[in-house]
1. State which residue is modelled with the lowest pLDDT when the search covers only the range 100-133 and only residues that are more than 7 Å from the ligand (Cβ to nearest atom) and small (G, A, S).
2. Tell me yes or no: at least one residue of the range 172-181 is among the small types (G, A, S), closer than 30 Å to K236 by Cβ and part of a helix (DSSP H, G or I).
3. Considering only residues that are over 18 Å from V99 (Cβ atoms) and within 10 Å of the ligand (Cβ to nearest atom), which ones fall in the range 159-176?
4. For the range 228-240, state whether one or more residues are among the aliphatic types (A, V, I, L, M), within 23 Å of R326 (Cα to Cα) and touching a residue at least 24 places away in the same chain (Cβ under 8 Å).
5. Output the residues belonging to the range 248-271 that are aliphatic (A, V, I, L, M) and outside any loop (DSSP other than H, G, I, E, B).
6. Can you find, within the range 84-116, the residue that is nearest to the chain's Cα centre (by Cα) among those that are among the small types (G, A, S) and in a strand (DSSP E or B)?
7. On the basis of being more than 14 Å from the chain's Cα centre (by Cα) and either over 22 Å from T197 (Cβ atoms) or surrounded by 17 or more Cβ atoms within 10 Å (Cβ to Cβ) (or both), does V119 make the cut?
8. Scan the range 97-121 and report the pairs whose first residue is farther than 22 Å from L141 by Cβ and whose second residue is within 8 Å of the ligand (Cβ to nearest atom), with Cβ atoms within less than 6 Å and a gap of 6+ or a chain change.
Amino acid sequence: MDKPFTQPPTLIGQTLEELESLAISLGSEEFRGRQLFDWIYSKQIDDYQKMSNLSIAFRERLTDFSIHPLKLVNKDISNSKKTQKYLFALQDGKMIESVLMMDGKRITVCLSTQVGCAVDCDFCATAKMGFVQNLTIGEILDQFLQLQKISTRRITNIVFMGMGEPFLNYENTIEAAHLLHHPKGINMGAWRITISTSGITRNIDRFTKEGHSYKLAVSLNASNEQQRLKTMPITKTNPFLGLINASKNYTLRSRKKITFEYVMLSNINDDTKDAKVLIHLLGSIDCKLNIIPYNEIDGSYKRPNDERIDNFLSVLEKAPFPVTIRWSKGQGIDAGCGQLATKTG
Ligand code: SF4
């Protein structure tokens, strides 16, 4: 029987140690792997001919390997030009999306970690695709590297908040964050990297235990168990209070703030009573609450009207924790929170 064709691994996604081993396996010295790491991640050069300190023989042997696991297929820029959505093809032809957002000096890239998503939040466009597959470390990382090349300014922040649930592709997400943070490579500060989860409690606990220095955000989106069950079925296996406790435990053990994201849905979770419950529930946690008025997709959910948003926010003025509101800049191109979905995934 014919063996299925497997692509050789691409260089983006390989760790320093893996590139050192690769150099040795290609008949070169170990330090050539370190030089390669520097070219790919620190200098961000993707042309072997420009890697001038590598021997010609080594460069020739490297040409058997592709550098990029992703191919840019399309881009969509919002009218304000502040949000840009990029469509990438994986080597097997499946598609993912990433978003670049400009906000003053802050340039943020929103990375996907899976093709589709298994979590099935009722208000989310990605959920409609179902789960297709996990992204490799290289596929996660290459979104950053390709967008950094396109961006005229240096990317300052990274959020794992695109398609997929990062904590259901835990190892690859964490390894990609390590490579983004590596001081000899991309060297992005850990406090500039945020991993956002829909609330996979066991992996919040794992993240806490492993003591990572990246920031953690939880999509809460409800003020109680029953309400959350209606829009986020993941609550069945990750109960609401367990999620709150895991989040609190993270802040106590890590001594870091956690961010709760709260997508406001009209007549679902936007009552002033919900705001009061949130104050009570989160009041003893070192947290920030980020309110996101819903970005409508083709579905039954609606964004609350301005009056309801204002009333909700005025109750939250009494909260002992900071509250921010995030108005999406990418709505016109379906690049707002919960709007990423590829038609060809
Ligand atoms: S909101 Fe996030 S976790 Fe929920 S289905 Fe969409 S991509 Fe998955």
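1. Initial filter on the range 100-133 (more than 7 Å from the ligand (Cβ to nearest atom)): 100-116, 118, 122-123, 125, 128-133.
Pick out the ones that are also small (G, A, S) and you get 104, 112, 116, 118, 125, 130.
Values: G104: 92, S112: 97, G116: 94, A118: 91, A125: 85, G130: 92.
It comes out as A125.
2. Within the range 172-181, the first condition is being among the small types (G, A, S), and the residues that meet it are 176-177.
After this cut, where a residue has to be closer than 30 Å to K236 by Cβ as well, the list is 176-177.
Okay, now just the ones that are also part of a helix (DSSP H, G or I), so 176-177.
Yes, some residue in the range 172-181 is among the small types (G, A, S), closer than 30 Å to K236 by Cβ and part of a helix (DSSP H, G or I).
3. Listed by number, the residues that qualify are F167, L168.
4. Applying the first criterion (among the aliphatic types (A, V, I, L, M)) to the range 228-240 yields 229, 232, 234.
Keeping just the survivors that are within 23 Å of R326 (Cα to Cα) gives 232.
Adding the requirement that they be touching a residue at least 24 places away in the same chain (Cβ under 8 Å) leaves 232.
For the range 228-240, residues among the aliphatic types (A, V, I, L, M), within 23 Å of R326 (Cα to Cα) and touching a residue at least 24 places away in the same chain (Cβ under 8 Å): present.
5. First pass over the range 248-271, keeping only residues aliphatic (A, V, I, L, M): 252, 258, 263-265, 268.
Scanning the range 248-271 gives L252, I258, V263, M264.
6. Applying the first criterion (among the small types (G, A, S)) to the range 84-116 yields 89, 93, 98, 104, 112, 116.
This time we only want the ones that are in a strand (DSSP E or B), so: 89, 98, 116.
Details: A89: 17, S98: 9, G116: 13 Å.
Filtering the range 84-116 for residues that are among the small types (G, A, S) and in a strand (DSSP E or B), the one nearest to the chain's Cα centre (by Cα) comes out as S98.
7. Values: more than 14 Å from the chain's Cα centre (by Cα): yes; either over 22 Å from T197 (Cβ atoms) or surrounded by 17 or more Cβ atoms within 10 Å (Cβ to Cβ) (or both): yes.
Yes.
8. V119/E165; V119/S198; V119/I234; D120/A127; C121/A127; C121/M232
The values are calculated or read from the model by the stated rules, or taken from the named source; none is laboratory data. These numbers come from a predicted model, not from an experiment. FYI the Cβ positions are ideal-geometry reconstructions off the backbone, even for glycines, and counts take in every protein chain you see.
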